[in-house]
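Visitor: Before I ask anything, let me first share the structure, which is written out below as structure tokens.
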Amino acid sequence: MRIRATVAAVSGALALSALAAPAAQADGGHGDTTLTKVVVNGGKNVVVGTTEVRTFTVAVTAADDSGISGADLALNGPGFGSLEPTDVDCLDNTCTGTFSVDPRVDLAYANEKAGTWYVDAWLDAEDGDYVWKQKAASFKLQRQSTLSVNASPEPVVKGKPITVTGKLARANWETFTYAGYTGQPVNLQFRKAGTSTYTTLKTVTTNSTGALKTTATAASDGYWRYAFAGTTTTPAFTTAGDYVDVR
């Protein structure tokens, strides 16, 4: 991200060094250019696994009576995380930057980079005006999650207990594997056969390996599933329903 300044008059080495310091550059601009909208990844969180490169866009819209000519964009996050666009295209008053995240390069050995990230944006107008804003928008960069479920025995006698097991895991960018997500609340849900709505029966907490295990009473044919609400660093995940025949 380039840092610029508009100055009426400066003199001496002290003034020049002050302009070169990024920390001294506050939000602002020159002329009538205003930043009006920022959309990251179509409004969705950016979720990254252990191997696949994730590509997404950041669209920044500004207003100026002469039109927008170009933009500089950068993303910054926890753990000194930073990303620069591979390409920026401007159409009308919207400039769209394309970003790629390689977990084995950009996130390697740094799980702490998951969390809230920010967009820094500088947009130039055709008439030389510009607007600059740090933290113009925020989004979540998250560690991909997985969740499984298994209800047994099947079939089961009505009124007898059913054991529902599963495991919640998430991408570990330090080992490039999926590791159990410990101490997390996960909802056990049931949908009676012939209906369309799941009901939460209880909340189960994952153990030291991310495993889930609980029991429930078999009252009727239906589908059992686990639903994880997600955290700042890890996206929500709901399993498909596991059907159990009750006789």
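Visitor: Principal axes first, then extents: for the Cα atoms of the range 97-172, list largest minus smallest coordinate on each axis, whole Å, largest first.
Guide: Per principal axis, max minus min of the Cα coordinates gives 77, 28, 18 Å.
Visitor: While we're looking at this one, here's another question. What trypsin sites (Lys or Arg not before Pro) does the range 25-95 have in DSSP loop regions with at most 13 other beta carbons within 10 Å?
Guide: On the way: sites: Lys37, Lys44, Arg54; in loops: Lys44.
Qualifying residues, ordered by number: Lys44.
Visitor: Quick one: how many lysine pairs in the chain have C-alpha atoms under 29 angstrom apart, if they're 8 or more apart or on different chains?
Guide: 29
Visitor: While we're on this one: For the chain, max minus min Cα coordinate along each principal axis, in Å, sorted largest first?
Guide: Cα extents, longest axis first: 87, 36, 26 Å.
Visitor: Which distance in nm do the two modelled labels at Ala108 and Ser82 give, with both placed 7 Å along the Cα-to-Cβ direction?
Guide: About 1.8 nm separates the two model spin labels.
Visitor: Which FRET efficiency value, to the nearest 0.05, is calculated for Ser69 and Thr163 with the Förster distance at 45 angstrom and r the Cβ-Cβ distance?
Guide: Computed FRET efficiency for Ser69 and Thr163 comes out at 0.10.
Visitor: Using every pair of alpha-carbon atoms in the range 151-206, split the distances into 10 Å bins beginning at 0 and state the percent of pairs per bin, rounded to integers.
Guide: Answer for the range 151-206: a P(r) of 18, 37, 29, 13, 3 percent.
Visitor: Quick one: work out Rg over Rh on the C-alpha atoms of the range 129-247, Rh as Kirkwood radius.
Guide: 1.16
Visitor: Going by accessible area, probe 1.4 Å, with all protein chains left in place, what is the ranking of Tyr130, Tyr223, largest first?
Guide: Tyr223, Tyr130
Visitor: Over 5 Å intervals from 0, what percent of Cα-Cα pairs in the range 79-133 sits in each interval?
Guide: Taking all Cα pairs of the range 79-133, the binned fractions are 4, 13, 23, 22, 14, 11, 8, 5, 1 percent.
Visitor: Filter the trypsin sites (Lys or Arg not before Pro) in the range 112-162 to those in DSSP coil with at most 16 other Cβ atoms within 10 Å of their Cβ, and list the result. All intermediate terms of the calculation are to be shown ahead of the outcome.
Guide: On the way: sites: Lys113, Lys133, Lys135, Lys140, Arg143, Lys158; in loops: Lys158.
Sites meeting the loop and neighbour criteria: Lys158.
The values are calculated or read from the model by the stated rules, or taken from the named source; none is laboratory data. Being a predicted model, the structure only gives us computed values, none of them experimental. In this analysis, Cβ positions are derived from the backbone assuming ideal geometry, glycine residues included, and neighbour counts consider all displayed protein chains. Just so you know, the surface numbers come from the protein's heavy atoms only, side chains and all, with ligands and any DNA or RNA stripped out. Shrake-Rupley method; radii C 1.70, N 1.55, O 1.52, S 1.80 Å.
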